[in-house]
Every structure is written in C-alpha cells, then in structure tokens.
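Asks: This is the structure I want to talk about, given as structure tokens.
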Amino acid sequence: NTGFICEYDTEITAVPATPLQITSQPVNYTGAVGSKATFTVAASGDGLTYQWYVKTANASKFSKSSITKATYSVELTAARNGNQLYCIVTDAYGNTVQTNTVTMTIASQLKITEQPKNVSVNTGEIAKFTVSASGEEYELCCNIGTPKDAVKAMEKDGEGVGLFRTEFLFMDRTSLPTEDEQFEAYKTAAVVLKGKPLIIRTLDIGGDKEIPYLGLEKEENPFMGFRAIRYCLKNRDMFKSQIKAILRASAFGDVRIMFPLITAVEELRAGKALVEEAKSDLRSSGIEFNENIPVGVMTETSASGVIADLLAKEADFFSIGTNDLTGYTMACDRGNSDVGYLYSPFQPSVLRLIKSIIENGVRAGIPVGMCGEAAANPMMIPLLMSFGLTEFSVSAVSVLKVRKNIAKWTKAEADEVAEKVMSMATEKEITEYLATVI
Ligand code: PEP
Ligand code: MG
C-alpha cells in the first residue's frame, strides 16, 4: 500500500436504443376454450440482452427467457377467462422496457333457438335455414379468398359463397397463375360447395391491392385509377384466361361470374362479350361448361348505384360492396383518420344508394345480395330485409350471428325501422336510433 490514489476517467458511451418490437399482438384476445393467445417478441441491434416473461393477472409467471426473438402462447382456459395476460420485457438490469397486455375472453357460444325444426324440400332443392320471424327466406353465404376457406364456409354452415376474392390466387408469387392453376382452385371450391352457389369475382387489383410482378405504375389516385375491371379489360389475355378457368369450373357446381368496380354499362357489356368469346373457345375445344352461367355486377361505386336500373337490365344479379361504395360515395379514404368519421354505411347518402340498388334489382327481377362488411352489421340487417335484399354474404365466423339476427325481425318490424331511418337526416341520428332497436 503506497498510499497513492489513482483516479481513472471513465468514459460512458451512450448506446442508441433500438426500439424493441412486440409484434403479432392481439389487443384483446377472444377465442374458444383451448385456443391460444400468442405473443411474439423481437429485439434487435443494440447488443443488449433483454429478458421477457409472460404472466397472468394472478401473477403466476409462465416463462422467462433471454430473447432476440421469441414466441409464447398461452392457452385460453375457463379459469383464464377475463384474465389479463402481461408480456413484460426487461433489460439486463431488470428495468421494465415494455409491457403489453391482452385480455383473454372466451367467445360466447351462440344458441340458435329460432330454427325451423323440419324443412321439407323436393329432391334437388336446397333447404333454407335463414328465415325471418315472419317466414321470409334469405340466402346466407360466405366471403372467401381461397378454396380452403370454402371448407371453413361449409363447416360454419354457410349456404354458399357470395364473394370469392380471386386476387389472393395472384398474390404471393412471382408470375401470373395459369388458366389450369386457376381452374383447379375454382373447381376445388365448387366441389367443396356441392352444388351451392359460388360467386367468383374476377380480378380486383389496383387501389389498395398490389401485385408486384404486374408492374402497375404508381398512381396519384389509385382508388380512382387503373383498377379491377378497368385493368382487366385492357389486359384481355389475362382476363380471358381467368374467365375460361371460371367457365371450366362451372361444369362442377353452381358457379357464377361477378365483375368488380363497374361504373358504366359499357364495362358490363365488354366483360360479357369476353365471356362469350371464352365460351366459344371452350366450345371449339370440346370443353364442358355451363352455357347459362350467370354474370353479375358488384355494385360498389356510386355510379353503379345511380344507374342501377340500366345495369339491372343487363346483369343477372347484383352484389353490393359496401366497403368501396361507402368510400366512393362519401369521397372518403377510410385509412385517413382525419376523414374517417365520414366513412359509415349509415350515412343517408349511402343508405339511399343501397336502397335504390336493391329496389332496382327487385324491379328487374334479379337477385340482390350484399358482400360488403355492412351485411353482418346487426343495425344494417333490418334495413336490408326491408329494402328487399335476398342474399347476405359475410365472413364464415359471422354466419350464425347473422342468421340469429335475421330470425329476430318480422318483415313488418323491419319496414317500420327502415321507414323511420330513411326519414332521418344524419348518420348520428340514424345510428343512435338503430342502437336502441337492435
Ligand atoms: C366491397 O368493396 O365492399 C367488397 C366486398 O370488396 P373488397 O372489400 O374486396 O374491395
Ligand atoms: Mg370492393
């Protein structure tokens, strides 16, 4: 010991904090008993060690480990119903960096009480199970994106498919699907449906749906631009090969064709002309298809709503796409939070269009369905029943809920509600009133 005291300068280097990411996080998890709420945690870059653990509200820890990336699932049990589940991430010193919380809830089990017990049908007819309290029958179909979804639609008791979004067949790959590949997908769905209706929507790309290998040019106004039927009519070979694939699948079920984003009668005529060309190609190759395949219009633009009477003369059916119809009618991008308050199918303008589309279809004697999200909204259901909608197309998980909601209303009650709603001037008034009657 020399008694010499030496001081060292200690340099502290600031480590830039790399944001820790917790992804795939359900804000609230609702599922069946036995299903799992999952946390995926990813940390990267700053060289620090993170720890994470998951615990429930009663403080029992399930897991603790060092991470750069990790996934942890917690099974939903009756005991965990309503419980909060925390994912806590700490740095190497035990300081909490981030906490995320999920409330786990068991999805309520629907009890169907208003089903007819016996349904009498002739051979070859389809029994109807979606019936109002006063006996009107409806068709309750599902929206799907892949043939696999068709299986789910049937498991959930869907009565057909009201919208097959075919763009999913074109995504996540590097080149166009061939006619044969498409045929296999459409045929698989038709076979799964065993004769129940299958409405296949032709390719709807552009807008918010991008397919990189098509090399679409960036547009200033993609929703107003080169999208859906507009793109397809300019890319005839691609369009014809899709139509041929759909026609070939029509030999295996009740397949129907639907064109998206129609705004003018010429577009419907041009699409139908291409269907006739495709039929003639198949005929000369001796390939089987349904000569009388119905060709319908997706009414999802304000223009199609305003000319619904003209379109109804040349279309075999309508299906109302409220997701786009609301945006186009309100001139409002639902992704923009500054104007999102305008995006509601309960705006009087949107409701008037919906009513007019349905009435024009009914007048022309063609079926009218709805495949936009609004079809599953309990507040919209009595209005659609009153206006004369005959088919609802919703996600598979909504089938039982929508069926139950339809069964709640008599036609007379629905008419009374609709009459009141259509005399109201604002969305607020309408939704506040509807909330009191459902
Ligand atoms: C719609 O616009 O309502 C619709 C069902 O089509 P998508 O959501 O695929 O645009
Ligand atoms: Mg749409």
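Asks: Given the criteria touching a strand residue (DSSP E or B) at 6+ places or on another chain (Cβ under 6 Å) and away from ligand 2 (no atom under 16 Å from the Cβ), does Phe387 qualify?
Replies: Details: touching a strand residue (DSSP E or B) at 6+ places or on another chain (Cβ under 6 Å): no; away from ligand 2 (no atom under 16 Å from the Cβ): yes.
So Phe387 fails the test.
Asks: Continuing with the same structure: Taking the conditions exactly as written (surrounded by 17 or more Cβ atoms within 10 Å (Cβ to Cβ) and touching a strand residue (DSSP E or B) at 6+ places or on another chain (Cβ under 8 Å)), does Met370 satisfy them or not?
Replies: Yes, satisfied.
Asks: Check region 351-366 and report whether any residue there is within 16 Å of ligand 1 (Cβ to nearest atom) and of a type in the set (Ser, Thr, Tyr).
Replies: no
Asks: When you look at Gly340, is it away from ligand 1 (no atom under 15 Å from the Cβ), out of contact with any Gly (no Cβ under 7 Å at 6 or more places or on another chain) and not β-branched (Val, Ile, Thr), yes or no? Lay out the reasoning, then the answer.
Replies: Working: away from ligand 1 (no atom under 15 Å from the Cβ): yes; out of contact with any Gly (no Cβ under 7 Å at 6 or more places or on another chain): yes; not β-branched (Val, Ile, Thr): yes.
Judged against the criteria, Gly340 is a match.
Asks: Another question, then. Kindly indicate which of Gly286, Gly321, Gly305 is among the small types (Gly, Ala, Ser), on the phi > 0 side of the Ramachandran plot and at pLDDT 95 or above. So that I can check it myself, show each step before the final result.
Replies: Values: Gly321 fails: on the phi > 0 side of the Ramachandran plot; Gly305 fails: on the phi > 0 side of the Ramachandran plot.
The unique qualifying residue is Gly286.
Asks: Tally time: how many residues in region 229-266 are within 16 Å of ligand 2 (Cβ to nearest atom) and either touching a Phe, Trp or Tyr at 6+ places or on another chain (Cβ under 6 Å) or free of Cβ contacts under 8 Å to residues at least 12 places away in the same chain (or both)?
Replies: Within region 229-266, residues that are within 16 Å of ligand 2 (Cβ to nearest atom) and either touching a Phe, Trp or Tyr at 6+ places or on another chain (Cβ under 6 Å) or free of Cβ contacts under 8 Å to residues at least 12 places away in the same chain (or both) number 2.
Asks: Same structure, new question: Is there a residue in region 388-399 that is within 15 Å of ligand 1 (Cβ to nearest atom), hydrophobic (A, V, I, L, M, F, W, C) and under 23 Å from Leu268 (Cβ atoms)?
Replies: Within region 388-399, one or more residues are within 15 Å of ligand 1 (Cβ to nearest atom), hydrophobic (A, V, I, L, M, F, W, C) and under 23 Å from Leu268 (Cβ atoms).
Asks: Among the numbered criteria (1) part of a loop (DSSP other than H, G, I, E, B); (2) more than 21 Å from Pro197 (Cβ to Cβ), which single criterion is violated by Ala315?
Replies: (2)
Asks: Is there a residue in region 344-352 that is within 14 Å of ligand 2 (Cβ to nearest atom), among the basic types (Lys, Arg) and in contact with a Gly (Cβ under 9 Å, 6 or more places away or on another chain)?
Replies: no
Asks: Which ones in region 210-231 are within 11 Å of ligand 1 (Cβ to nearest atom) and crowded, with 17+ Cβ neighbours inside 10 Å? Steps first, answer last, please.
Replies: Going residue by residue through region 210-231, those that are within 11 Å of ligand 1 (Cβ to nearest atom) are 223, 227-228.
Arg227, Ala228 - these are the residues of region 210-231 that are within 11 Å of ligand 1 (Cβ to nearest atom) and crowded, with 17+ Cβ neighbours inside 10 Å.
Asks: OK, next. For Ala308, state whether it is under 14 Å from Leu261 (Cα atoms), away from ligand 2 (no atom under 16 Å from the Cβ) and of a type in the set (A, V, I, L, M, F, W, C). Show your work before the answer.
Replies: Values: under 14 Å from Leu261 (Cα atoms): yes; away from ligand 2 (no atom under 16 Å from the Cβ): yes; of a type in the set (A, V, I, L, M, F, W, C): yes.
Criteria met by Ala308.
Asks: Looking at region 148-168, which of its residues are surrounded by 19 or more Cβ atoms within 10 Å (Cβ to Cβ) and more than 14 Å from ligand 1 (Cβ to nearest atom)?
Replies: Ala150, Ala153, Gly158, Glu159, Gly160
Asks: Answer yes or no as to whether Ile320 is over 16 Å from Arg269 (Cβ atoms) and either within 13 Å of ligand 2 (Cβ to nearest atom) or of a type outside the set (Lys, Arg) (or both). Can you show your working first?
Replies: Details: over 16 Å from Arg269 (Cβ atoms): yes; either within 13 Å of ligand 2 (Cβ to nearest atom) or of a type outside the set (Lys, Arg) (or both): yes.
For Ile320, the condition - over 16 Å from Arg269 (Cβ atoms) and either within 13 Å of ligand 2 (Cβ to nearest atom) or of a type outside the set (Lys, Arg) (or both) - is met.
Asks: Among the residues of region 272-308 satisfying the criterion of being of a type outside the set (Val, Ile, Thr) and part of a strand (DSSP E or B), which is surrounded by the fewest Cβ atoms within 10 Å (Cβ to Cβ)? Even if it seems obvious, please write down each step before you answer.
Replies: Step one: filter region 272-308 for residues of a type outside the set (Val, Ile, Thr), giving 272-274, 276-286, 288-292, 294, 296, 298, 300, 302-305, 308.
Next, only the ones that are part of a strand (DSSP E or B) stay: 296, 298.
Working: Gly296: 24, Met298: 29.
Residue satisfying both the conditions and the ranking: Gly296.
Asks: Further, regarding this structure: For region 309-337: of the residues being within 15 Å of ligand 1 (Cβ to nearest atom) and among the aliphatic types (A, V, I, L, M), which is surrounded by the fewest Cβ atoms within 10 Å (Cβ to Cβ)?
Replies: First pass over region 309-337, keeping only residues within 15 Å of ligand 1 (Cβ to nearest atom): 317-330, 332-335.
Next, only the ones that are among the aliphatic types (A, V, I, L, M) stay: 320, 325, 330.
On the way: Ile320: 31, Leu325: 25, Met330: 20.
Filtering region 309-337 for residues that are within 15 Å of ligand 1 (Cβ to nearest atom) and among the aliphatic types (A, V, I, L, M), the one surrounded by the fewest Cβ atoms within 10 Å (Cβ to Cβ) comes out as Met330.
Asks: Give me the pairs, please: first residue somewhere in region 145-168 and within 25 Å of Lys209 (Cα to Cα), second residue anywhere and within 16 Å of ligand 2 (Cβ to nearest atom) and part of a helix (DSSP H, G or I), beta-carbon distance under 7 Å, and either six or more positions apart or on two chains.
Replies: Within 7 Å, the pairs are Gly145/Phe168; Thr146/Phe168.
The values are calculated or read from the model by the stated rules, or taken from the named source; none is laboratory data. A quick note: this is a predicted structure, and the numbers were derived from the prediction, not measured. Counting neighbours? That spans all protein chains shown, and the Cβs are built from the backbone with ideal geometry, glycine included.
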